[in-house]
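In what follows, a structure is listed as structure tokens, so that the remarks can point back to it.
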Amino acid sequence: MKTRFWIFFAAAVALSAQQVVAPTPDSVGAARGENHGNYNITNSFETGYRWSLVGGDLGEYRSDVNYRNGLRLLGSSLSIDSKDGHGHYFDQILLNTMGLGNDPYQSAILRIQKNKLYRYDMTWRLNDYYNPGLTVAGGLHRMDTVRRTQDHDLLLFPQSGFRVRAGYSRNTQDGPTLATSLEPDNNSANSAGVPVFADLRRQWNEYRLGADVDFAGFKLTVLRRWDFFKEDTPYSVFYGSNAVFAGLANDLTALQQFAKAAPVHGRNPGWLGNLMANHKRWAVNGRLSYLSGHNNFALSEFSSGLGRFGDPANRQILVQGNAERPMVAGDFNFSAQPSSRLTVVNNTSVNNLRINGPSSYTELNNGINSGQTIIFRYLGVRTVTNSTDANYRVKDWIGFYAGYRYTDRLVRTIEGFSTPGLPSAPNDVYENTNHLHSGTLGVRLRPVKNLTANLEGEVGRADNPLTPVSDRNYHTLNGRVSYRTRKVQLSTSYKQAYNVNAPVSFSAYSSHSRNYSANASWAPMDWFALDASYMKLHLDTVSGIAYWAGAGGRTTLQSGNSLYMSNVHAANLGARFAVAKRADVYVGYTITKDTGDGRATATAAADAASATGALLAGVQTFPLAYQSPLARVSVRITPKLRWNAGWQFYNYHEEFGVLGYYQNFHAHTGYTSVTWAF
């Protein structure tokens, strides 16, 4: 169900005028900074207190917004520049931070450089992620983790024809989580999912070393990379690991002992090369990368307890593998400009991925059977794409462009099945190929000085789509019109896409999307500006599904079609104005609403008589609304000191609750801060 909110969030972000209430964008201090010795320094920071009053579903609020109470450094900016470009140890230091201290989303960006000698760039980010998981597992899946990322890049001799590169990146995620297990009574549809505790531990490290060379009009980059990934998450019994805790009053399933370890360690050394050149009439850009992946994994799980009828039960599972994963990807792009009005671009891309190595799955139900082992051996995916695009400007006010693309994809798998103590069965080899042809045609217009328009259409045909949701018979239409002057900017766009796909007899798929947008900005005076945006996103899909259902305790395989419809409307209005040249005020309002398919209840009347129909109807559309008004004021006390205050309201409301859960919340958030330059 997180998907619903993030569709809304993406629509709100697309309305570019919308702002978060803090930090304050208004600057303080002299634009020229202050001189100290051989350097010019500008420095400012904004520190203050955030507060929040939350009502309704606190878990959904923490998953979507997550601003809490407390002091923090809302933002800071530091710039130290050499006045003559010949500093002793450095010529420039730039440091920008956001949300340090207590914000759930924090970042710091640093650059230090000395002309002709070195440039160092660092980026650090922290994301405090919380997910209550109510709608996916009845609240039994939860996650409260922190993800930290950092990137370091060092460039030696940045202005010379030979440059040396070195870098390091790190990504970690850790924190408590809840998962579910079907142990110890794994009896398909009759099993009870009981909670187990996991202490999530994931880590990824990358080291880089390379060089750039300029010669005869070409630029060559060679980079060597070493990637290392590991996950060592331990699992254990959670208090309440029984079916009663999970909401099944008459089920005696309970975990008494549970131990699980699933370490995954991988390394991915690789090479990256890039060659490019730009000349008056032609340009080339070639890139080649090779990754030699190695992955070792093992899963060992033991559980014991009571089955759903109170009988003792235990189970053991062992999964292990050691696979090689080489991957080669290359692109070659050639551009030619035979005249000032004609440009032709040809691009060829090749991608080849192989996973080769023994991987096995062994399951043993103690006291019931002797177990079974399934062995996987090989997966290969090879894709080749070639495209040609031509752009011809007939007159200064009109131009045409056209393109053709061809894609050839091959997927090959090898599987082997065996039972302990018996001879191995022959390998099963499966292959699937897909060829996609697509063409694009468009026109660019500029009938008057400030007005531009672009119209485009694309048609594609594939003979054998690899998945039900892959492109098969599709076409798209795009259009955009914009008008710009010094005080007024207007734009509108339209895009639609149809895709009809029925690759196999038991599954069908078709989708239709339409996107509309309109944006307006008006700044009639220096002290006043107005921004407004509107967007509509329509999506409807029909896809074939297969599921198990039935009455009387006996389920059978069923098939049918799954429908989904969404109509998202997103609007934003914002105004900025200055008061008496001393205070800056911003007020804004954003509303995002999905009207679904227009029904008043989660279950349509036609489906109410069938339990299966009622379940499917309840997840075919998700009408809800999200709105957020805000106001901010920033008062200049002295040329180097400002006082800021702001308020923002969040309201999230679901019309239908899936599985009985309504994740509605409302929250008042605000802050007060001081921005100081020195």
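The values are calculated or read from the model by the stated rules, or taken from the named source; none is laboratory data. Predicted, not measured: the structure shown is a model, and the values here were computed from it. Using ideal geometry, Cβ is built from the backbone for each residue, glycine included, and neighbour counts are taken over all protein chains shown.
Within the range 107-118, is even one residue part of a strand (DSSP E or B), touching a residue at least 12 places away in the same chain (Cβ under 8 Å) and under 27 Å from Thr233 (Cα atoms)?
Looking for residues that are part of a strand (DSSP E or B), touching a residue at least 12 places away in the same chain (Cβ under 8 Å) and under 27 Å from Thr233 (Cα atoms), one finds at least one in the range 107-118, hence yes.
Here Phe622 clears all of (1) among the aromatic types (Phe, Trp, Tyr); (2) touching a Lys or Arg at 6+ places or on another chain (Cβ under 9 Å); (3) modelled with pLDDT of 95 or more except the condition numbered (3). Screening Asn127 on (1) under 19 Å from Val146 (Cα atoms); (2) surrounded by 17 or more Cβ atoms within 10 Å (Cβ to Cβ); (3) in contact with a Pro (Cβ under 9 Å, 6 or more places away or on another chain) shows it passes everything except condition (2). Here the range 481-522 is the region considered, the condition is being surrounded by fewer than 16 Cβ atoms within 10 Å (Cβ to Cβ) and of a type in the set (Lys, Arg), and the residue that is farthest from Ala571 (Cα to Cα) is Arg486. Of the residues making up the range 405-453, those that are at pLDDT 95 or above and of a type in the set (Gly, Ala, Ser) number 4. Every condition in (1) modelled with pLDDT of 90 or more; (2) among the small types (Gly, Ala, Ser); (3) at positive phi is met by Ser169 except one, and the failing one is (3). For the range 619-628, the criterion of being out of contact with any helix residue (DSSP H, G or I) (no Cβ under 7 Å at 6 or more places or on another chain) and under 28 Å from Arg72 (Cα atoms) is met by at least one residue.
Screening Thr145, Thr123, Thr149, Thr97 for residues that are farther than 30 Å from Leu272 by Cα, assigned to a strand (DSSP E or B) and at pLDDT 95 or above leaves exactly one candidate, Thr97. Note on the range 626-661: among residues that are closer than 24 Å to Asp64 by Cβ and among the charged types (D, E, K, R), the one that is surrounded by the fewest Cβ atoms within 10 Å (Cβ to Cβ) is Glu655. Of all residues in the range 192-209, those satisfying the criterion of being part of a strand (DSSP E or B) and buried (at least 18 other Cβ atoms within 10 Å of the Cβ) are Val194, Pro195, Val196, Ala198, Leu200, Arg208.
I want to confirm something. Restricting to the range 555-579 and keeping residues that are farther than 30 Å from Leu539 by Cα and at pLDDT below 85, which single residue is surrounded by the fewest Cβ atoms within 10 Å (Cβ to Cβ)? Walk me through it before giving the result.
So in the range 555-579, the residues farther than 30 Å from Leu539 by Cα come out as 555-556, 575-579.
Then keep just the ones that are at pLDDT below 85; that gives 555-556.
Details: Thr555: 14, Thr556: 8.
Result: Thr556.
Candidates in the range 527-552 are the residues that are at pLDDT 90 or above and loosely packed, with under 14 Cβ neighbours inside 10 Å; of these, the one that is farthest from Ser470 (Cα to Cα) is Trp527. Number of residues in the range 580-589 that are surrounded by 19 or more Cβ atoms within 10 Å (Cβ to Cβ) and either outside any strand (DSSP E or B) or of a type in the set (Phe, Trp, Tyr) (or both): the value is 1.
Here's a check for you: in the range 632-668, which residue that is farther than 29 Å from Val28 by Cα and outside any strand (DSSP E or B) is modelled with the lowest pLDDT? Walk me through how you get there before you give the answer.
Step one: of the range 632-668, the residues farther than 29 Å from Val28 by Cα are 650-667.
Restricting the remaining residues to those that are outside any strand (DSSP E or B) gives 655-657, 659-660, 662-664.
On the way: Glu655: 88, Phe656: 82, Gly657: 73, Leu659: 64, Gly660: 67, Tyr662: 83, Gln663: 86, Asn664: 92.
Here the residue is Leu659.
Comparison of Gly87, Gly59 shows that the only residue that is touching a residue at least 12 places away in the same chain (Cβ under 8 Å) and outside any loop (DSSP other than H, G, I, E, B) is Gly59. Hey, any hits in the range 185-204 for a residue that's closer than 24 Å to Glu231 by Cβ and modelled with pLDDT of 95 or more? So far as the range 185-204 goes, yes, one or more of its residues are closer than 24 Å to Glu231 by Cβ and modelled with pLDDT of 95 or more. Screening the range 233-316 for strands (runs of 3 or more DSSP E) wholly inside it with 3 or more residues that are out of contact with any Leu (no Cβ under 9 Å at 6 or more places or on another chain) and more than 30 Å from Gly330 (Cβ to Cβ) returns the ranges 234-237, 254-261. Considering Ser470, Ser491, the condition of being under 28 Å from Ser543 (Cα atoms), touching a strand residue (DSSP E or B) at 6+ places or on another chain (Cβ under 8 Å) and not hydrophobic (A, V, I, L, M, F, W, C) is satisfied by Ser470 alone.
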